[in-house]
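For reference, the structure discussed in these notes is given below.
The values are calculated or read from the model by the stated rules, or taken from the named source; none is laboratory data. Please read these numbers as outputs of a predicted model, since none were measured by experiment. Positions of Cβ are backbone-derived with ideal geometry, glycine not excepted, and every protein chain shown enters the neighbour counts.
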Amino acid sequence: MKSVIFAAVFSLMIMPAFSQEEQDTIYNPNNPDLLVEHFFHLFMEGSIHEALDYLYSAKHFKDDEALQDNIVSMKEQLNDLEETLGTLKSYSRVQKLETGDRLVSYSYLLNYKRRPLSLVFVYYMPDDHWELLQFQYSDEVIDVLIDRMQYLRTLHSR
């Protein structure tokens, strides 16, 4: 038991704290998996605002005033989720789809107490680093599932 506590304390001691300048550097790794992992690390800690700031930390996002207004709105909506969906329990990756070597999308399911939420990230590599192309979330996961099941049932009945 002591070794588990020591390992936990030791790992907290060596975990780096990132300044905004360091986060900008971290933002462009050569692996979009790391971008999504870091987003969820922040999100699961309850730092929804920080997670969205991280997601949109590229300079071209910061210069877009209309997008900044949308980010504020997203922060408010995502912050209010626990009120309507219950406590966030966990998350899981549903799908990773790579289209060539420059476009990748991730679909995740966030498991809240009352109802799931889906998140989709799309990253694009125009040059030498990955950039967020699209981010969306929806609590209409059940409706999408039912539609998909009905579509598959229609295909099988032909």
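Structural remarks
- Residues of the stretch 144-158 include none that is of a type in the set (Ser, Thr, Tyr), closer than 20 Å to residue 37 by Cα and free of Cβ contacts under 8 Å to residues at least 40 places away in the same chain.
- Within the stretch 25-44, being modelled with pLDDT under 90 and either surrounded by fewer than 15 Cβ atoms within 10 Å (Cβ to Cβ) or out of contact with any Ser or Thr (no Cβ under 6 Å at 6 or more places or on another chain) (or both) holds for 25, 26, 28, 29, 30, 31.
- Taking the criterion of being touching a His at 6+ places or on another chain (Cβ under 9 Å) and either assigned to a loop (DSSP other than H, G, I, E, B) or under 23 Å from residue 118 (Cβ atoms) (or both), the residues of the stretch 26-41 that qualify are 27, 28, 29, 30.
- Of all residues in the stretch 42-58 being of a type in the set (Asp, Glu) and either assigned to a helix (DSSP H, G or I) or in contact (Cβ under 8 Å) with a residue 24 or more places away in the chain (or both), the one that is nearest to residue 110 (Cα to Cα): 50
- When residue 123 is tested against (1) modelled with pLDDT of 90 or more; (2) hydroxyl-bearing (Ser, Thr, Tyr); (3) in a helix (DSSP H, G or I), only condition (3) is not met.
- Residue 61 in contact (Cβ under 8 Å) with a residue 40 or more places away in the chain and in a strand (DSSP E or B): no
- Filtered by the rule that a residue be among the acidic types (Asp, Glu) and loosely packed, with under 13 Cβ neighbours inside 10 Å, the stretch 65-90 gives 65, 69, 76, 80, 83.
- Selection of the stretch 92-120 for residues being among the charged types (D, E, K, R), in a strand (DSSP E or B) and farther than 15 Å from residue 40 by Cα yields 96, 98.
- Considering residues of the stretch 70-91 that are part of a helix (DSSP H, G or I) and among the acidic types (Asp, Glu) only, the residue modelled with the lowest pLDDT: 82
- Residue 133 passes every criterion in (1) part of a strand (DSSP E or B); (2) within 20 Å of residue 41 (Cα to Cα); (3) aliphatic (A, V, I, L, M) apart from (2).
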